[in-house]
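> One structure is given below, represented as structure tokens, and several questions about it will come after.
The values are calculated or read from the model by the stated rules, or taken from the named source; none is laboratory data. Because the structure is predicted, anything quoted here is derived from the model rather than measured. Backbone-built Cβ (ideal geometry, glycine too); neighbour counts: all protein chains shown. Heads up: the accessible areas ignore ligands, DNA and RNA and are worked out on the full protein's heavy atoms, side chains in. Shrake-Rupley method; radii C 1.70, N 1.55, O 1.52, S 1.80 Å.
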Amino acid sequence: MRLWIYIAMLFLLFLGAGAPSSILEMAPPIGGLALASLHDSFAEVHNGHLHEAIDILEPRGTPVHAVVSGTIRKLFLSKPGGNTIYQFDETGVYCYYYAHLEGYAEGLQEGMRVERGDVIGFVGSTGNADSGPPHLHFAIFELSPQRLWWKGKAVNPYPGLVAAVKRAQ
Ligand SMILES: [Zn+2]
């Protein structure tokens, strides 16, 4: 009898902990990505701003994959980011940001559902990366309760990317 009470309590604790963070379920944004291609540049200053992202150098046109399942929230052409994608995870807790894209996958639209691993765009050097080598600028934002795509707290993607690459190997 007492054992059942413990099990019930454990179950309630598990429920209380909520869904696991989507960061823990990430797949690499680039197929066949090697650990050696990942460098933690989160805290570096780029163009006078805290970088708060990871750059992954890849040849122009390399497919970029959705790191988690979720929704394409915004396709935005910005001066610094060039062609960008703001993707929300399933629960709208985190926003995944992909920038400097050469272009979007055919048919990609705002509001569209994507599965982890779907090709959503292609590596390029649009925006303020036009003088440098093509690369994916990848960031993660923890959204506020209002879930505004342009507003969030930057989370270092590096540990999550390393774990994703290890899982994919
Ligand atoms: Zn960058």
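> Would it be correct to say that G127 is at positive phi and within 13 Å of the ligand (Cβ to nearest atom)?
So G127 passes the test.
> So which residues in region 117-169 are over 15 Å from the mean Cα position of the chain (by Cα) and of a type in the set (S, T, N, Q), if there are any at all?
S125, T126, N128, S131, S144, Q146, Q169
> Considering every residue within region 126-134, establish whether at least one is open to solvent by 20 Å² or more (accessible area, probe 1.4 Å), more than 15 Å from P29 (Cβ to Cβ) and assigned to a strand (DSSP E or B).
No, the conditions are met nowhere in region 126-134.
> Show the residue pairs meeting these rules: Cβ distance below 9 Å; 6+ apart or different chains; first residue within region 36-47 and open to solvent by 90 Å² or more (accessible area, probe 1.4 Å); second residue of a type outside the set (A, V, I, L, M).
H39/D55; H39/Y158; V45/H51; N47/P80; N47/N128
> Among Q87, Q109, which is the only one that is under 11 Å from the mean Cα position of the chain (by Cα), in contact (Cβ under 8 Å) with a residue 12 or more places away in the chain and away from the ligand (no atom under 16 Å from the Cβ)?
Q87
> Let me ask something else. With respect to E102, determine if the residue is within 16 Å of the ligand (Cβ to nearest atom), open to solvent by 20 Å² or more (accessible area, probe 1.4 Å) and touching a Phe, Trp or Tyr at 6+ places or on another chain (Cβ under 8 Å).
Yes: the conditions hold for E102.
> Another question, if that's okay. Tell me, which residue of region 52-69 that is assigned to a loop (DSSP other than H, G, I, E, B) and open to solvent by 20 Å² or more (accessible area, probe 1.4 Å) is farthest from P133 (Cα to Cα)?
Going through the qualifying residues, I end up with S69.
> Given the criteria touching a strand residue (DSSP E or B) at 6+ places or on another chain (Cβ under 7 Å) and closer than 15 Å to S21 by Cα, does V123 qualify?
No; evaluated as a whole, the condition is false for this residue.
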